[in-house]
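Following: one structure in structure tokens, then a few remarks.
The values are calculated or read from the model by the stated rules, or taken from the named source; none is laboratory data. Not measured: the values here are computed from a predicted model. Reconstructed Cβ throughout: ideal geometry from the backbone, glycine too, with neighbour counts over all protein chains shown.
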């Protein structure tokens with residue numbers, strides 16, 4: 001490894017996305033949550049009546065469910081301090097020129113338009129509560145691929161929307177899915193017609209700018225029979241001393257023989273509560289792959305799931321988490337085998353440091369009638385110092401006798417032998433440590449698109465800074 | 001039920017079914033004529049019981065076992081008039097004699113009938129060395145210093161849980177074993193527990209105190225006659241093992257109660273520096289059986305091996321909850337629980353390795369393997385880790401699967417019937433655990449018991 005380059009990387013600033021812009025909005029709700037705000041959101045979006053009803057029902061369910069006590073500590077999250085809806089601009093741009101200058105500058109700084117040119121099939125950009133930009137390459141649009149904001153999806157494709165919306169994650173699924181059902185705003189609506197393969201990824205980028213912001217994106221993806229899609233989401237926010245809140249709901253329908261890969265690189269600032277529900281319904285011979293990278297946020301609770309509903313369906317979850325000082329990453333995944341000959345794999349890698357805590361929480365369930373299911377789970381945790389903490393909470397529930405189910409987990413630190421070996425080969429101790437960590441996450445990072453793999457490695461180097469001694 | 005009931009004249013108090021109340025504690029106290037300190041222990045445990053909510057399936061620890069299905073109204077909370085004691089082996093009731101195995105090489109025996117001690121024998125050599133092996137009532141009178149110091153004070157306190165608190169209030173018998181420092185008891189000490197009543201709850205207690213550098217093996221076997229089938233009975237037992245510095249303790253509990261028994265057992269090991277402990281839980285009987293097995297590694301160099309075997313059939317429900325608590329550096333724990341499930345039986349394994357801050361150099365392992373032998377059997381496995389020290393080696397693994405058709409095919413090609421081949425695979429499956437049991441006769445007898453249960 002070129003030594004100078006590595007050392008230079010270590011000198012980079014801390015969280016580089018923590019910059020903030022002056023608040024800019026055309027509407028901002030009052031603080032806290034109320035029926036009035038839910039009605040306002042629905043009215044401003046000019047929604048059909050069924051959606052307003054759906055939202056109000058969601059609010060009711062949200063209020064009836066207790067705050068979950070089984071996971072991360074949510075006691076410091078005060079909903080009365082959160083702004084549930086902030087509309088940054090009028091309308092959504094189809095070109096970057098249509099996006100207000102200050103907001104465009106933000107996305108320029110985040111490198112989004114540049115990435116769009118170089119390596120993406122389409123981009124959606126959300127600022128506060130609304131998508132400010134959505135565009136897909138013309139050739140895909142010509143093949144019938146729909147890539148819109150969720151609001152545009154509801155307006156322009158009401159039948160398709162209504163057929164699938166909230167079918168994978170009903171409002172009563174959990175408290176925060178109910179909350180999202182009440183106040184959702186922004187997110188993507190994607191439809192890939194039968195047989196169409198979107199080989200180059202689509203990307204959505206979520207940016208929170210103002211203080212005490214709550215962002216509730218809602219995404220609905222339908223991959224029709226034999227279709228193929230890779231979707232990437234990224235997210236960042238400025239660092240504030242107060243709490244911010246992000247609670248998305250992502251529903252994916254993977255129809256027969258289709259294949260969807262969904263990649264998340266979550267790099268929220270360290271004052272963000274990130275409580276997300278992501279779930280895919282996977283039909284016959286279809287394949288769903290989640291790659292879930294949780295690097296930022298104060299607290300994340302997020303368990304991407306595959307409901308393997310059709311014979312021969314398969315699911316994969318690769319989860320990578322980094323928990324530094326003050327962070328708790330409670331991540332993992334769920335695999336529900338509801339049909340015969342379904343297969344699943346979960347690989348989880350976590351790194352904890354400086355009092356950070358990373359937890360794997362997962363469920364593998366084989367339901368009655370799901371003959372010949374097989375599932376394998378591997379969880380590896382790396383602890384970088386003695387203040388770090390890691391937990392593993394797997395649930396395995398098996399109702400068929402011909403299932404083949406395995407779960408393995410290990411917890412390690414960087415071995416003295418490993419360091420000794422690498423240092424003998426001429427590496428400095430910090431370089432050696434960085435290399436061990438890279439090797440540890442490599443089974444997952446190699447599945448990332450190149451820019452993201454580079455970014456992940458850069459983050460690892462950054463976080464390893466000062467870890468020697 | 002009110003506190004004023006504590007003044008009831010217990011001499012005439014009838015046994016009221018389902019009476020989980022202060023008057024029951026009072027009645028037990030009076031009937032047993034226990035010293036004040038023991039009465040205070042019971043009353044404290046009762047208080048803890050009263051303040052603790054009954055666990056429900058909404059509590060993570062009891063998610064898969066529903067206590068509300070127990071009809072407490074069915075159960076008398078204290079034993080009927082105790083069976084009479086006998087002074088020689090041949091006076092033991094024939095039915096019990098036939099069920100136990102005096103031939104197994106041992107250094108002491110006790111026989112309990114519905115949690116009352118009816119017979120015991122101890123080799124003279126042990127008594128000479130100062131080894132104590134007595135029932136709890138006798139220990140309270142003759143070895144109060146042991147009971148006062150250790151009974152539900154460190155390994156299992158009433159705060160351990162609702163059922164442990166109930167046990168503390170209503171404890172109805174059991175054994176106290178004390179091995180003085182430096183004494184090595186070569187042959188196992190055995191207790192045979194016979195339960196042939198219905199509609200009653202029994203609360204046997206096991207307290208093992210192994211002095212520094214001592215060595216002891218203790219085997220408990222729980223059995224019922226096949227004739228008792230109907231009314232619910234409950235065994236709510238607590239085992240406390242205190243292993244002082246450098247002590248070597250092996251403990252096995254072989255549970256093959258009748259199907260009418262709801263079995264609860266808390267086993268908790270309190271390990272001092274360099275103590276070496278092995279526990280083995282064999283779960284075969286009972287309708288619903290729940291065991292909480294914990295190791296508390298208090299000091300450096302302690303090591304706990306935790307073994308378990310369960311074999312379920314018909315609609316048996318087994319729930320094992322294990323906990324490996326590493327509080328000190330350079331301690332080790334190694335858990336292996338294996339279960340096979342026939343018919344409509346169900347097993348839950350829930351394990352936790354907890355490494356506290358500062359417990360550097362911990363080696364902790366946890367493995368749970370399940371063999372599903374029927375289409376309607378069900379297994380849940382939840383092997384958990386909570387690690388707060390970095391210089392550790394921890395891993396866990398769980399598998400749930402069926403018999404390997406290739407293995408069956410291989411054995412059949414060697415002339416075995418399918419049935420024989422399947423059984424052989426189950427023996428082989430359990431052998432991995434049994435091979436780690438150092439008592440040869442126990443190993444052999446467990447193999448026979450498993451054979452019988454497989455049919």
(request) Name, by its number, the condition in (1) more than 10 Å from chain B (Cβ to nearest Cβ); (2) farther than 17 Å from residue A:318 by Cα; (3) in contact with a helix residue (DSSP H, G or I) (Cβ under 6 Å, 6 or more places away or on another chain) that does not hold for residue A:414. (result) (1)
(message) Can you name every one of the strands (runs of 3 or more DSSP E) wholly within region B:149-245 that holds 3 or more residues which are surrounded by fewer than 19 Cβ atoms within 10 Å (Cβ to Cβ), at pLDDT below 95 and in contact with a helix residue (DSSP H, G or I) (Cβ under 7 Å, 6 or more places away or on another chain)?
(response) none
(request) Mind counting the residues in region A:97-128 that are over 27 Å from residue A:197 (Cβ atoms) and outside any loop (DSSP other than H, G, I, E, B)? (result) 12
(request) Output the residue which, of all residues in region A:422-439 that are touching a residue at least 24 places away in the same chain (Cβ under 8 Å) and within 14 Å of chain B (Cβ to nearest Cβ), is nearest to residue A:262 (Cα to Cα). (result) A:437
(request) Within region B:36-60, count every residue that is part of a helix (DSSP H, G or I) and at pLDDT 90 or above. (result) 16
(message) Going by what's in this entry, would residue A:27 be described as at pLDDT 95 or above and within 24 Å of residue A:179 (Cβ to Cβ)?
(response) no
(message) Being within 10 Å of chain B (Cβ to nearest Cβ), surrounded by fewer than 21 Cβ atoms within 10 Å (Cβ to Cβ) and either in contact with a helix residue (DSSP H, G or I) (Cβ under 7 Å, 6 or more places away or on another chain) or touching a residue at least 60 places away in the same chain (Cβ under 8 Å) (or both) narrows it down to one residue among A:402, A:385; which is it?
(response) A:385
(request) Take region B:70-111 and flag every residue that is assigned to a helix (DSSP H, G or I) and in contact (Cβ under 8 Å) with a residue 12 or more places away in the chain. (result) B:72, B:73, B:74, B:89, B:91, B:95, B:96, B:99
(request) Return only the number of the condition from (1) more than 8 Å from chain B (Cβ to nearest Cβ); (2) within 14 Å of residue B:385 (Cβ to Cβ) that residue A:407 does not satisfy. (result) (1)
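Conditions tested, residue by residue: (1) over 23 Å from residue A:173 (Cα atoms); (2) more than 14 Å from chain B (Cβ to nearest Cβ); (3) part of a strand (DSSP E or B).
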site: A:320; (1), (2), (3): yes, yes, yes
site: A:331; (1), (2), (3): no, yes, yes
site: A:339; (1), (2), (3): no, yes, no
site: A:365; (1), (2), (3): no, no, yes
(message) If residue B:390 meets every condition in (1) surrounded by fewer than 21 Cβ atoms within 10 Å (Cβ to Cβ); (2) farther than 22 Å from residue B:346 by Cα; (3) at the interface with another protein chain (Cβ under 9 Å from one of its Cβ atoms) apart from one, which number is that one?
(response) (1)
(message) Take residue A:178 and tell me if it is part of a helix (DSSP H, G or I) and over 25 Å from residue A:227 (Cα atoms).
(response) yes
(request) Could you check residue A:217 against (1) surrounded by fewer than 22 Cβ atoms within 10 Å (Cβ to Cβ); (2) touching a helix residue (DSSP H, G or I) at 6+ places or on another chain (Cβ under 9 Å); (3) modelled with pLDDT of 95 or more and say which number it fails? (result) (1)
(request) Among the residues of region B:279-290, count how many are assigned to a strand (DSSP E or B) and within 13 Å of the chain's Cα centre (by Cα). (result) 7
(request) Pick out the one residue from B:450, B:408 that is in a helix (DSSP H, G or I), more than 10 Å from chain A (Cβ to nearest Cβ) and free of Cβ contacts under 8 Å to residues at least 40 places away in the same chain. (result) B:408
(message) Among the residues in region A:290-313, are any surrounded by fewer than 24 Cβ atoms within 10 Å (Cβ to Cβ) and under 14 Å from residue A:221 (Cα atoms)?
(response) no
(request) Just name the residue that is farthest from the other protein chains (Cβ to nearest Cβ) out of those in region B:40-76 that are surrounded by 13 or more Cβ atoms within 10 Å (Cβ to Cβ) and farther than 30 Å from residue B:349 by Cβ. (result) B:76
(message) Take the conditions crowded, with 20+ Cβ neighbours inside 10 Å and touching a strand residue (DSSP E or B) at 6+ places or on another chain (Cβ under 6 Å) and apply them to residue A:183. Does it pass?
(response) no
(request) Could you please give the count of residues in region A:138-166 that are within 18 Å of residue A:249 (Cβ to Cβ) and out of contact with any strand residue (DSSP E or B) (no Cβ under 9 Å at 6 or more places or on another chain)? (result) 1
(request) Kindly indicate whether residue A:419 is more than 8 Å from chain B (Cβ to nearest Cβ), in contact with a helix residue (DSSP H, G or I) (Cβ under 6 Å, 6 or more places away or on another chain), in a helix (DSSP H, G or I) and closer than 30 Å to residue A:120 by Cα. (result) no
(request) Residues that are in contact (Cβ under 8 Å) with a residue 60 or more places away in the chain and more than 13 Å from every other protein chain (Cβ to nearest Cβ): find the strands (runs of 3 or more DSSP E) completely inside region B:302-381 holding 1 or more of those. (result) B:303-312, B:317-326, B:332-341
(request) Report yes if some residue within region A:320-328 is over 25 Å from residue A:414 (Cβ atoms) and at pLDDT 95 or above; otherwise report no. (result) no
